[in-house]
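Trainee: Below you will find the structure I want to go over with you.
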Amino acid sequence: MYSNKTIILTGASEGIGRALALELATDAPNLVLAARNRERLESLATDCESLGAKCLVLPTDVTDENACRELIEKTVEAFGGLDVLINNAGGSMWSRLDQLSSTAPLAQLMQLNYLSAAWCTYYALPALKKSRGQIVAVASVAGLTGVPTRTGYCAAKHAMMGFFDSLRIELAADGVDVTIIAPDFVLSEIHQRALGSDGKALGESPLEAKSGVMTSEECAALIYKAMTGRKRLLITSFRGKLGRLLRILAPSVIDKVAAKAVADLR
């Protein structure tokens, strides 16, 4: 499906990003791996190249708009164009709002989850229009409803949902498809890096490995299928799909479901 296509994947060094890179690699694409940790990216590139991909490692801090612009420019310079942009970089939080020591995490999460994706997409649009390409936005079921202890994260993922739903309409005549991914809880390093009440990374995941909690590899396989089918929206769990409906029909019920989900998984 993506043979010889040029794909940018942000947040590629771990979790869903790493698993998705390996999933895509077997198609033998030009795979541009972006994240902050060069060592992890280079290790991933070696694994992807052994599966058939041609890799370009570009260490990038996507919370810097200029870095986002340079990521796109270097990709186009290296491969002559761009076919797919996967906005996967993101971060989370595990704290009630009234327990935060400052409001800094709210801005940080908005910049990492939403603005980084908006910036990368803005600079990628000219190349994507030429290739009639594809944009993939890895959001969350938290972008569809409220989740306690995740206020800043939910806000950023709601912003992603609104941005890419709107962009899909704008790009309809240009042949650029937009696929939004809404994973439920996934076992990945994002929870270890999640911000606590003091605004610092937790260092260990509060999410326990329980049956029904998806692995990064399982999530990546679903994302790949949604990408190849150029789906509008992928919600990776039945609970997420049900929650989207209940939010309209019985909003108080979904509030209780969300609270219970967090309590059960901690």
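Trainee: With axes computed from alpha carbons, what is the tilt in degrees of helix 38-50 against the longest principal axis of the chain, rounded to the nearest 10 within 0 to 90?
Mentor: It is inclined by approximately 60 degrees.
Trainee: Net charge around residue 223, counting only other residues with Cβ within less than 15 Å of its Cβ (Lys, Arg = +1; Asp, Glu = -1)? Write down the numbers at each step before the final one.
Mentor: Details: positive: 18, 225, 230, 231, 232; negative: 23, 27, 177, 184, 217, 218.
With Lys, Arg at +1 and Asp, Glu at -1, the neighbours total -1.
Trainee: Residues with beta-carbon under 12 Å from that of residue 102, excluding residue 102: net charge, scoring Lys, Arg +1 and Asp, Glu -1? Walk me through the numbers before you get to the answer.
Mentor: Values: positive: 200; negative: 198.
My count for the surroundings of residue 102 gives 0.
Trainee: First select every other residue whose beta carbon is under 15 angstrom from the beta carbon of residue 176; then total the charges, Lys and Arg +1, Asp and Glu -1. Mind dumping the intermediate values first?
Mentor: Values: positive: 5, 129, 130, 132, 168, 230, 231, 232; negative: 83, 165, 170, 174, 177.
After counting each charged neighbour, the total is +3.
Trainee: Can you tell me how much longer the chain between residue 130 and residue 78 gets when fully stretched, taken as 0.36 nm per residue apart minus their C-alpha distance, in nm with one decimal?
Mentor: 17.1 nm
Trainee: Have a look at 147, 138, 213 and tell me which one the Gaussian network model of the chain (Cα, springs below 10 Å) gives the largest fluctuation.
Mentor: 213
Trainee: Which of 163, 91, 67 sits farthest toward the positive end of the charge dipole of the range 6-237, with +1 on the Cβ of Lys and Arg and -1 on the Cβ of Asp and Glu?
Mentor: 163
Trainee: Another question about this same structure. With +1 on the Cβ of every Lys and Arg and -1 on the Cβ of every Asp and Glu, and nothing else charged, how large is the dipole of the chain about its Cα centre, in debye rounded to the nearest 20? The partial results should precede the final answer.
Mentor: Working: 29 positive and 28 negative charges, 173 e Å.
Magnitude of the dipole: close to 820 debye.
Trainee: Between residue 255 and residue 221, what's the calculated FRET efficiency when r is the beta-carbon distance and R0 is 35 Å? Round to 0.05.
Mentor: Details: r = 31 Å, r/R0 = 0.89.
Here the calculated transfer efficiency is 0.65.
Trainee: Also, I was wondering about something else. Counting other beta carbons within 10 Å of each residue's own, what order do 13, 95 fall into, fewest first? It would help to have the intermediate numbers written out before the result.
Mentor: Details: 13 25, 95 21.
Going from least to most buried by this count: 95, 13.
Trainee: Using a 10 Å cut-off around each Cβ, can you sort 252, 197, 216, 140 from fewest to most neighbouring Cβ atoms? If you can, show how the numbers build up before the last one.
Mentor: Details: 252 8, 197 18, 216 21, 140 28.
The order, fewest Cβ neighbours first, is 252, 197, 216, 140.
Trainee: Could you state the angle between the C-alpha long axis of helix 151-170 and the longest principal axis of the C-alpha atoms of the chain, as a value from 0 to 90 degrees rounded to the nearest 10?
Mentor: Value to nearest ten degrees: 40.
Trainee: Listed highest first by mean packing, meaning other Cβ atoms within 10 Å per residue, what order do 169-181, 79-91, 153-165 come in?
Mentor: Put in order of decreasing packing, that is 79-91, 153-165, 169-181.
Trainee: Please report the relative contact order for the range 6-237, taking Cα pairs under 8 Å with a sequence separation of at least 6, and give it as a percent rounded to a whole number.
Mentor: Numbers: 491 pairs, mean separation 48.0, N = 232.
Result for the range 6-237 is 21 percent.
Trainee: Past the 21 Å Cα-Cα mark, which pairs from 5/231; 157/241; 130/225?
Mentor: Details: 5/231 18 Å; 157/241 16 Å; 130/225 24 Å.
Going by Cα-Cα distance, 130/225 fall outside the 21 Å limit.
Trainee: Any idea what angle helix 65-79 forms with the longest principal axis of the chain, computed on alpha-carbon atoms, 0 to 90 degrees, nearest 10?
Mentor: 40 degrees
Trainee: Further, regarding this structure: Please report the projected area of the chain's Cα convex hull averaged over all directions, in nm².
Mentor: Details: hull surface 53.2 nm².
Mean projected area for the chain: 13.3 nm², to one decimal.
Since every read-out is calculated from the coordinates, none of them should be taken as a lab result. What you see is a predicted model; the values in this text were computed from it and never measured. Methodologically, a virtual Cβ is constructed for each residue, glycine included, from the backbone with ideal geometry; neighbour enumeration extends over all protein chains shown.
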